[in-house]
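Everything below concerns the one structure shown next.
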Amino acid sequence: WKNGTAKVNITGGKYTDFNPANNAAEGAGTNFVADGYQAAETAAGVWEVVPEGAHYVANAEQLKDALTQDEEFIIVELSNDVTYDVAAWENDAMGGASTKTITINANNNTITINQTNSDWNNIVTVNNAKLVINDAKITNTGYNNGPWNRHDLNFACDVELNNVVSDKAMAFKAGATLNNVTINDPNTSDTYAIWVQPKGQTVT
């Protein structure tokens, strides 16, 4: 075995007391992280390899900052439960003018949508950029006074949900794809699990 001879391309995983982008055993600065990926220190002495350019998010402030960048592809990696504020109509839209896709890898953490207005709160993106949420629990808080004027979780953008559990009903104003999604809304007095506003879109 000889220093400088190891060939490793790491594309994921968490590493305790080892930074794969700076492997001292092979010489200071030796990088085992594959092209297109980066090592982010997610806790003291713990590094996680995530896609390059990803925003590693641990709180609401970091999430708001990440989701309002003007990037073509926004990638968010959650390390904790987080809250995200939404408002009425097109206000507080995620992304920027050049954003095409926003991907939130929740890593089985909870995303709480905090509805800040009294009516018509929307989860919305700039120019209807696609929103993808993976491996998440989702819920809401704030204003919530009935399904007719404001649905519990109202997606006004093209959305894809993968491995998601929600304790609130969901409404879709644009295209939607749901893969392995569970809706456990305890409110059975005047609500439906899924609402679709007919605009010619496809909900799968």
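Note on the stretch 40-76: residues that are in a strand (DSSP E or B) and either among the aliphatic types (A, V, I, L, M) or in contact with a helix residue (DSSP H, G or I) (Cβ under 9 Å, 6 or more places away or on another chain) (or both) total 11.
Pairing residues of the stretch 52-63 that are closer than 9 Å to Val82 by Cα with residues that are of a type outside the set (Lys, Arg) and assigned to a strand (DSSP E or B), at Cβ distances under 6 Å and at least 6 apart in sequence or on separate chains, gives Val57/Val76; Val57/Leu78; Ala60/Val82; Ala60/Thr83; Leu63/Val57; Leu63/Val82; Leu63/Tyr84.
Scanning the stretch 156-168 for residues that are closer than 16 Å to Thr110 by Cα and surrounded by 18 or more Cβ atoms within 10 Å (Cβ to Cβ) yields Leu161, Val164, Ser166, Lys168. Checking Asp65, Asp81 one by one, the residue that is modelled with pLDDT of 95 or more, charged (D, E, K, R) and under 12 Å from the mean Cα position of the chain (by Cα) is Asp81 and no other. Just so you know, in the stretch 59-111 the residues that are touching a strand residue (DSSP E or B) at 6+ places or on another chain (Cβ under 6 Å), of a type in the set (Asp, Glu) and within 21 Å of Tyr143 (Cβ to Cβ) include one that is surrounded by the fewest Cβ atoms within 10 Å (Cβ to Cβ), and it is Asp81.
Please verify whether Ala169 is modelled with pLDDT of 95 or more and either farther than 27 Å from Phe73 by Cα or among the aliphatic types (A, V, I, L, M) (or both), treating the condition exactly as stated. Reasoning before the result, please.
Numbers: modelled with pLDDT of 95 or more: no; either farther than 27 Å from Phe73 by Cα or among the aliphatic types (A, V, I, L, M) (or both): yes.
No, not satisfied.
When you look at Lys7, is it surrounded by fewer than 17 Cβ atoms within 10 Å (Cβ to Cβ), of a type in the set (Lys, Arg) and without any contact (Cβ under 8 Å) to a residue 12 or more places away in the chain, yes or no?
Details: surrounded by fewer than 17 Cβ atoms within 10 Å (Cβ to Cβ): yes; of a type in the set (Lys, Arg): yes; without any contact (Cβ under 8 Å) to a residue 12 or more places away in the chain: yes.
Criteria met by Lys7.
Within the stretch 13-34, does at least one residue satisfy the condition of being open to solvent by 80 Å² or more (accessible area, probe 1.4 Å), closer than 29 Å to Thr125 by Cα and part of a loop (DSSP other than H, G, I, E, B)? Among the residues of the stretch 13-34, not one is open to solvent by 80 Å² or more (accessible area, probe 1.4 Å), closer than 29 Å to Thr125 by Cα and part of a loop (DSSP other than H, G, I, E, B), which makes the answer no.
In the stretch 179-204, the residues that are farther than 17 Å from Ile133 by Cβ and open to solvent by 100 Å² or more (accessible area, probe 1.4 Å) form Cβ pairs under 9 Å with partners that are modelled with pLDDT under 85 and of a type in the set (Asp, Glu), at six or more places apart or across chains, as follows: Tyr192/Asp185.
The values are calculated or read from the model by the stated rules, or taken from the named source; none is laboratory data. Since we're looking at a predicted model, the values are computed, not measured. For neighbour counting, all protein chains shown are included, and Cβ atoms are generated from backbone atoms with ideal geometry for every residue, glycine included. Each accessible area value is taken on the protein alone, full model and side chains, heavy atoms only, with ligands, DNA and RNA left out. Shrake-Rupley method; radii C 1.70, N 1.55, O 1.52, S 1.80 Å.
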